[in-house]
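Everything on this sheet refers to the single structure shown next.
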């Protein structure tokens, strides 16, 4: 018997930050943000119409004595449309192509629901089997416990820069303290987001659950009474504002937690019901709420919405990041390009220029005492999406206005995709985190160091986020817990 299907399940993403799960990745879907088989009511399909889809495939395909199994990951929109994200067939079989075509044309998916609202972007897995010449298929629910455990092991670094020698001469100056699920009350080792308030508390999301690290002890906040089944609430973005109010995205709602008091925000109040992320500017007191529908600027309990209807130069309403610099310039990264709004309100879009930022979405930003700016970048439309080490790296804008772009080709960057950049005022260096090569220390004078689980006490090379506490200590959100970096 000829077996055209290869079932090879690769867990490549966390529940909080889903990605393509299976080895054959398709690029026809918009995948900047979605959740994995989430919702109180799970995604499904119209049974009768899905049976008709199977009937068409069985009529069209000449299955003969073929036997095998195919797993397919589908992204389901709130409007019932679907898009195939990935599958398990590495053999490029024609049967798989026909299944993918039918699934992409299928218009009768039923979206997941959370708090009575349809979840806009939800990934589900389907399993197709061929036996006795008949193709059958159904949804296969994700075992979340097994999924979480698949990440609970150190991830070794992938160093793409083969030309730079890392002496790491400053590594011995640092002490690393680790909180994980075996030595603390951390509920799960997969920590994706982390922030600090002005009181010295570290707030993080551990496997979509909110936790607080206070005086080296991890605590859970009070349950969220604004929703049903509070213990099932999953959070997907995190921020803190000038009043130490914690802000969270909860898939189809935005919440805040202020001195143990929860509040749920309506779309009428904020203008959006979801957030990609929250960025706080301690100088101006602004909280930037980045969403698929635009940028909300919160200050003194006033919310201002910026989108394409107000700023025609904005490449997209899908805002990933926003921050204001010391010259009052607002930098905005969208998934279709980046813009800067100067102190006079003039908007400069970099998308249709020859600027360094032309093909990039700004994903993080730091500023030093001199006014030099440091940007993390995401290449939103690469020529080859299969390349892991894309031409991203970091961009630096000097106070005089000159620009540099550092990648693995011209610097000591070990890997080009960054998750966060932070300027350390105490040491006058730049910290850069990556999700494949660990932590980068850049001394701003051409000296690069790279710390990860094979050469330091950092337990993994996957670092999803970073923050400083009120004392200037560095905290890392990793797939192996929370890491505190202090100078000895």
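Results, tabulated for the structure shown:
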| quantity | calculated |
| --- | --- |
| Which numbered condition residue 457 fails, given (1) more than 24 Å from the chain's Cα centre (by Cα); (2) closer than 20 Å to residue 380 by Cα | (2) |
| Per-region count, segment 385-413, residues assigned to a loop (DSSP other than H, G, I, E, B) and more than 20 Å from the chain's Cα centre (by Cα) | 12 |
| Selection count where residues are assigned to a strand (DSSP E or B) and either touching a helix residue (DSSP H, G or I) at 6+ places or on another chain (Cβ under 8 Å) or farther than 19 Å from residue 46 by Cβ (or both), scope segment 77-109 | 6 |
| Out of 293, 249, 258, sole residue that is surrounded by fewer than 21 Cβ atoms within 10 Å (Cβ to Cβ), assigned by TED's automatic domain parsing to the domain that holds residue 177 and under 20 Å from residue 319 (Cβ atoms) | 293 |
| From 188, 163, 183, residue being surrounded by fewer than 14 Cβ atoms within 10 Å (Cβ to Cβ), more than 28 Å from residue 488 (Cα to Cα) and assigned by TED's automatic domain parsing to the domain that holds residue 274 | 163 |
| From the options 161, 188, 183, 192, residue that is under 30 Å from residue 447 (Cα atoms) and in a loop (DSSP other than H, G, I, E, B) | 161 |
| Condition met for residue 143 (surrounded by 17 or more Cβ atoms within 10 Å (Cβ to Cβ), closer than 24 Å to residue 76 by Cα and modelled with pLDDT under 90) | no |
| Set 286, 313: member being touching a strand residue (DSSP E or B) at 6+ places or on another chain (Cβ under 7 Å), in the same structural domain as residue 400 (by TED's automatic domain parsing) and surrounded by fewer than 18 Cβ atoms within 10 Å (Cβ to Cβ) | 313 |
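The values are calculated or read from the model by the stated rules, or taken from the named source; none is laboratory data. Note that this is a predicted model, so its numbers are computed, not measured. Cβ: placed from backbone, ideal geometry, glycine included. Neighbour counts: every protein chain shown.
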